[in-house]
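Comments concern the structure below.
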Amino acid sequence: MPQLPDLSAFGSILQFFVACIGAYLFAVWIAMIVWTFRDARSRSRDIFTQALSVALVVVFNLPGLLLYLILRPRETLAEKYERELAGEAMLQDIEERQVCPVCHHKVSPDFLVCPNCHTKLHKKCDHCGRVLNLKWNVCPYCGETQGTPVVGRAITTPPAPPAVRLPQRQPTTLPSPETPKALPSSPAQAESQP
Ligand SMILES: [Zn+2]
Ligand SMILES: [Zn+2]
């Protein structure tokens, strides 16, 4: 006779525990769905993929989560972006790295000659002294024209005095290209007199 109330009490306690376990499992299920939704969103921008991932967990619960873990994209969007950035940076580094066109020795962009084979790689600006490309005719830093003014000065200045002096001292001798160089010095007179 005293066993009946005991059983009902046991039944209500059991019911309580079952309810607790049920609530716990429900909370876990909701947490799994939320986690799957966040994880899928961080790995794919595709709405269909996100919905399918969440549906997998909603319908199949824990096995669905395992399936999702197996099938989900390997890297997150942030990881993918970082990887692409690193790849781009490496590519740019390779493009910027210069080598000697003759011996392919590694050189810096501001080297004037190759330290290995002495090939001329760059030139200095006549005016400001900065390193320029060999093909450039004008300095981009100071605007000075390169090459031509220096050559022009060297050619025009020396012939001017010989043109005046030669006819005065030696009217008989023909003007040769060698005489202009020797004119300013005294040995030129010593050679011409005898
Ligand atoms: Zn070289
Ligand atoms: Zn310059």
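For the stretch 12-79, the spread of Cα positions along the three principal axes, ordered from largest to smallest, is 51, 19, 18 Å.
Among the GluC sites (Glu not before Pro) within the stretch 45-82, which fall in a DSSP loop and have no more than 13 other Cβ atoms within 10 Å of their own Cβ?
Numbers: sites: E75, E79, E82; in loops: E75.
Loop-located and lightly packed - E75.
In the stretch 65-96, what trypsin sites (Lys or Arg not before Pro) fall in a loop by DSSP, with at most 11 other Cβ atoms inside 10 Å?
Working: sites: R74, K80, R83; in loops: R74.
Loop-located and lightly packed - R74.
Distance distribution P(r), the stretch 34-150, all Cα-Cα pairs, bin width 10 angstrom from 0: 12, 23, 15, 10, 10, 14, 12, 4, 0 percent. Per-peptide packing, taken as the mean over residues of other Cβ atoms within 10 Å, places 109-118, 21-30 in the sequence 109-118, 21-30 from highest down.
Bear in mind that the values in this text are calculations on the coordinates, not laboratory data. The structure displayed is predicted, hence computed values, not measured ones. When we count neighbours, we look across all protein chains shown, and the Cβ atoms used for this are built from the backbone with ideal geometry, even at glycine.
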